[in-house]
1. Restricting to the stretch 90-145, name every residue that is under 22 Å from S67 (Cα atoms), of a type outside the set (S, T, N, Q) and not in a helix (DSSP H, G or I).
2. Can you name the condition, by its number, that A39 falls short on among (1) over 15 Å from the mean Cα position of the chain (by Cα); (2) within 22 Å of F287 (Cβ to Cβ); (3) among the aliphatic types (A, V, I, L, M); (4) surrounded by 14 or more Cβ atoms within 10 Å (Cβ to Cβ)?
3. Do we have any residue at all in the stretch 64-87 that's over 29 Å from G190 (Cα atoms) and buried (at least 21 other Cβ atoms within 10 Å of the Cβ)?
4. Are any residues in the stretch 137-193 over 25 Å from K233 (Cβ atoms), touching a helix residue (DSSP H, G or I) at 6+ places or on another chain (Cβ under 7 Å) and not aliphatic (A, V, I, L, M), and if so, which ones?
5. R157 fails exactly one of the following numbered conditions: (1) in contact (Cβ under 8 Å) with a residue 12 or more places away in the chain; (2) assigned by TED's automatic domain parsing to the domain that holds E201; (3) of a type outside the set (F, W, Y); (4) out of contact with any strand residue (DSSP E or B) (no Cβ under 8 Å at 6 or more places or on another chain). What is the number of that condition?
6. So which of P206, P177 is surrounded by fewer than 14 Cβ atoms within 10 Å (Cβ to Cβ), in the same structural domain as T260 (by TED's automatic domain parsing) and farther than 23 Å from G275 by Cβ?
7. Among the candidates A25, A109, A70, A39, single out the residue that is more than 28 Å from P278 (Cβ to Cβ) and not aromatic (F, W, Y).
8. Here are E191, E201: which of them is in a strand (DSSP E or B) and surrounded by fewer than 22 Cβ atoms within 10 Å (Cβ to Cβ)?
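The values are calculated or read from the model by the stated rules, or taken from the named source; none is laboratory data. Here the structure is a predicted model, which is why all the values come from computation and not from measurement. Cβ sites come from the backbone with ideal geometry, for glycine too, and all protein chains shown count toward neighbours.
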Amino acid sequence: MKLQRFENPEVFLKSVQKYLIKNEAENNLPLGILNGLIAGEYSDWKPYLAFIERNGKVELISLCTPSHPAIFSYHDPPPADEILELCLEDLMDFLGDMFTGVSGNKNLAVRLSDIWTKKTRGRAEQHTAMRIYKLEEVIPPRDTVGSIRPIEKKDRRLMMDWFEGFYREAGEESPDPARVRKQVDLYLGGELKTRGLMIWEKSGIPVSMAGYVGPTPNGIRIGAVYTPPEQRKKGYASAVTAGLSQQLLDMGFKFCFLFTDLSNPTSNHIYQQIGYKPVCDVDRYDFKKS
């Protein structure tokens, strides 16, 4: 059993892509982040990139862009504890206090958090329970008044307000203004094949948004779906997500992915209505030292 660390994300992706695309939907997040790293994103801190192999076969992949939680490749059931222990020890050694938690498929994430708490006598708190969905064919929603269009520079101020609302609803009490500005500007300046943000308009007034980012060899991830409270329950989120998903399929992607919060039954329902099918559950645990 051997752990290998990498500094160059492009070299790392070449080493692990074949393994990751065996479960492309389940591994869409690490694949997308690696493509982002190669494009120069997540550059605030040196990333952690590693895999563990046994007898020449990859057993588990982990990556981390501080100060986000470490992300693990899909593995269900989890691999042997000795593999998880080796990976956790190396993450702690590399990241130190910037090792803030883990994210992975449900059974793997809980096992990692259990091992970490026993090792450190710290506390692991579940931050989110998510579900990955995959779409290969859009089921058009019922007629919703309005139309879809890409974000424009004139939308920048409104999008900053909406992203702040999006982050607050994701559990951030005080979203970092610099992070909000950076996200909006990345969407405004993104290459259409890798990143974009669409707006649903009614009578010329923006009422909902949905973005895409994180391309994988065959797919891309939908994210940043947000409708301001006063415009909800009118079908706008379904309309903008369905419209964007169809545009991405038309661009040549074979499928689209998205993550939903399992505590929000409404979003899980509407995505299934437009053709998204559940793939696996993903949990995030935050680590708190004693």
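1. If the condition is that a residue be under 22 Å from S67 (Cα atoms), of a type outside the set (S, T, N, Q) and not in a helix (DSSP H, G or I), then F99, G101, V102, G104, R121, G122, R123, A124, E125, H127, A129, M130 are the ones that fit.
2. A39 satisfies all of (1) over 15 Å from the mean Cα position of the chain (by Cα); (2) within 22 Å of F287 (Cβ to Cβ); (3) among the aliphatic types (A, V, I, L, M); (4) surrounded by 14 or more Cβ atoms within 10 Å (Cβ to Cβ) except (2).
3. Within the stretch 64-87, one or more residues are over 29 Å from G190 (Cα atoms) and buried (at least 21 other Cβ atoms within 10 Å of the Cβ).
4. Across the stretch 137-193, the qualifying residues are K153, R156, R181, Q183.
5. The number of the failed condition is (1).
6. Checking each option against the conditions leaves just P177.
7. That would be A39, the only listed residue that is more than 28 Å from P278 (Cβ to Cβ) and not aromatic (F, W, Y).
8. E201
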